[in-house]
Amino acid sequence: MKKIIALGFFAAVLFSSCSTTKAVREQRKTINGDWVLNHVSFANQEGSFKSVLFNDAQDICFEGSTWNFINNNSTGTYTINPSSLCSSGTRYIRWSVIENEMGKDQLQFKFIDEKKKDVSNGYGYRLDINNITPTTMELASQVITDGAPVSVIYEFVKQ
């Protein structure tokens with residue numbers, strides 16, 4: 001009988017640790033759909049910055065990019081518009097929303113190909129969800145520049 005109770009307790013802990021919170025499920029539903037990244041800015045430091053985001057393109061290239069998040073299979077894309085500074089085109093991603101160890105909700109993604117196969121060797125990106133409504137989303141990532149923290153702020157509008 002003790003083994004059955006212990007096994008039941010272990011199973012309950014396992015299932016609860018694998019489940020997502022109601023807040024995470026709601027954020028996934030809200031994120032689902034098409035977004036435009038209207039503005040990329042930098043906070044917590046003085047001066048102007050130029051940055052390559054997601055090992056892909058300069059920050060200015062992401063302004064006006066379109067993002068699509070598909071909730072039912074956790075895939076999506078973002079498309080960078082053509083310009084003299086930017087390598088345009090569509091990038092494929094697998095995404096999710098998680099609650100990190102400090103209780104902060106984050107959007108995480110990694111690159112995949114058109115056939116939904118990982119092309120990043122498991123490497124990905126996490127962005128803090130600062131604010132999300134049905135029509136706007138603000139994400140942030142923390143980087144170190146010259147030994148000091150800088151927040152990269154991404155401001156999205158839903159289409």
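Just so you know, all these numbers are worked out from the coordinates, no wet-lab data involved. None of these values were measured; they are calculated from a predicted model. Reconstructed Cβ throughout: ideal geometry from the backbone, glycine too, with neighbour counts over all protein chains shown.
Of note:
- Between S48 and S84, the FRET efficiency estimated from the beta carbon spacing at R0 = 22 angstrom works out to 0.65.
- Cβ crowding within 10 Å ranks K158, K104 as K104, K158, fewest other Cβ atoms first.
- Helix axis angle, 2-18 relative to the chain longest principal axis, alpha carbon, degrees: 10 degrees
- Ranking of I93, I60 by neighbouring Cβ atoms within 10 Å, starting from the fewest: I60, I93.
- Backbone geometry of the range 58-71 corresponds, through the Karplus equation with coefficients 6.51, -1.76 and 1.60 at θ = phi - 60°, to 3J(HN,Hα) couplings of 5, 4, 4, 5, 7, 5, x, 5, 9, 10, 10, 10, 10, 5 Hz, x marking Gly and Pro.
- Close Lys-Lys pairs in the chain, where close means Cα under 20 Å and separation is 8 or more or interchain: 4
- Burial ordering of I31, I144, I132, fewest other beta-carbon atoms within 10 Å first: I144, I132, I31
- Largest mean-square fluctuation among F62, F42, F54, in a Gaussian network model of the chain whose springs join Cα atoms under 10 Å apart, belongs to F54.
- Remark: the Cα gyration tensor places the range 117-159 in the oblate category, a/c being 1.5 or greater and a/b not exceeding b/c.
- Applying the criteria of a DSSP loop state and at most 11 other Cβ atoms within 10 Å to the chymotrypsin sites (Phe, Trp or Tyr not before Pro) of the range 88-130 yields Y123.
- Our coupling estimate for the range 111-126, obtained by passing each phi through the Karplus curve with A = 6.51, B = -1.76, C = 1.60 and θ = phi - 60°, is 7, 10, 9, 4, 8, 6, 9, 4, 10, 10, 6, x, 7, x, 10, 10 Hz, Gly and Pro reported as x.
- The 3J(HN,Hα) values that the Karplus relation (6.51, -1.76, 1.60; θ = phi - 60°) gives for the range 142-159 are, in residue order, 9, 10, 10, 10, 6, x, 10, x, 9, 9, 9, 9, 10, 10, 10, 10, 6, 9 Hz. Gly and Pro appear as x.
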